[in-house]
Amino acid sequence: MNSNVLYTMSDVASAMGDDKIGRTKIYIILRETGIIDETNHPIQKHIDYGSLAVGVSQYRYTGLKKHVTLAKGNEGVHFIIGVVKYYLRNHPVPKVQRKPRTRYIVDI
């Protein structure tokens, strides 16, 4: 991993090598530890330090844009992995609240 490259939380999750921790659970842990706020933006202190950055992601079909938190280089990836591992020493793996799927019945 390069120090000038920005990595998504999915990249960080795959770098961890743990099948139980994914992008969504990393966001939950970072929110609970106060590293990102409720809108998933990193706190300014971590942006200034150089471990996290904010990027813009655009949906392919609708064209809507949203801001995402990115890890900056090796330091950012190792920082997030360290925070997640430290969090998991004292807390269980967070559970993701999933919305129930809506099933439609179509009469033909």
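Calculated translational diffusion coefficient of the chain (25 °C, 0.890 mPa s; Stokes-Einstein with Kirkwood radius over alpha-carbon pairs) equals 161 µm²/s.
Arranged from fewest to most other beta-carbon atoms within 10 Å of their beta carbon, M16, M9 become M16, M9. Ignoring lysines fewer than eight residues from K66 along the same chain, the ones with Cα atoms less than 21 angstrom from its Cα are K25, K99.
Coordinate-derived values only; no laboratory data. Keep in mind it's a predicted model, so treat the numbers as computed, not measured. FYI the Cβ positions are ideal-geometry reconstructions off the backbone, even for glycines, and counts take in every protein chain you see.
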